[in-house]
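The values are calculated or read from the model by the stated rules, or taken from the named source; none is laboratory data. What you are looking at is a predicted structure, and each value in this text was computed from that prediction instead of being measured. Glycine also receives a Cβ, built like all others from the backbone with ideal geometry; neighbour counts cover every protein chain displayed. What goes into the accessible areas is simple: the full protein's heavy atoms, side chains included, and nothing from ligands, DNA or RNA. Shrake-Rupley method; radii C 1.70, N 1.55, O 1.52, S 1.80 Å.
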Amino acid sequence: MSRSKYSQWYAKPRWREKRTRQLQRQPLCVFCERLGRTTPATIADHIEPHRGDLHKFWHGALMSLCATCHSSVKQRMENGRVILSYSVDGWPIED
């Protein structure tokens, strides 16, 4: 399935409502909170990547992330890289 197909799903009013509800329920980035930081979340992220599965897209559990964590920590996790520790400045260190 092409990436453009996913984009169509994210453009639907139903998704925008689901995203809004998620960010209202959990307004802070869960990864930042684990590090003691308070960062507003802007992304409703699928905990388990849907990878084109429409059922997982609509019914999968979500978590709130900031754009930085979504583009870094979460992507590393989805690509099979293990984040074992964090540096003094809070950025993940891959081992």
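Computed quantities for the displayed model
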item: All positions within the range 31-59 that are open to solvent by 20 Å² or more (accessible area, probe 1.4 Å) and under 12 Å from the mean Cα position of the chain (by Cα); result: Thr42, Ile43, Ile47, Glu48, Pro49
item: Pairs with Cβ under 7 Å, 6+ apart, first in the range 8-27 and more than 14 Å from Ala61 (Cα to Cα), second part of a loop (DSSP other than H, G, I, E, B) and modelled with pLDDT of 95 or more; result: Pro27/Ala41
item: Selection count where residues are part of a loop (DSSP other than H, G, I, E, B) and either at pLDDT below 90 or among the basic types (Lys, Arg) (or both), scope the range 53-95; result: 11
item: Residues of the range 1-23 that turn out to be in a helix (DSSP H, G or I), over 13 Å from His50 (Cβ atoms) and at pLDDT 90 or above, as a count; result: 11
item: Condition broken by Pro27, with the remaining ones in (1) on the phi > 0 side of the Ramachandran plot; (2) open to solvent by less than 80 Å² (accessible area, probe 1.4 Å); (3) not hydrophobic (A, V, I, L, M, F, W, C) satisfied; result: (1)
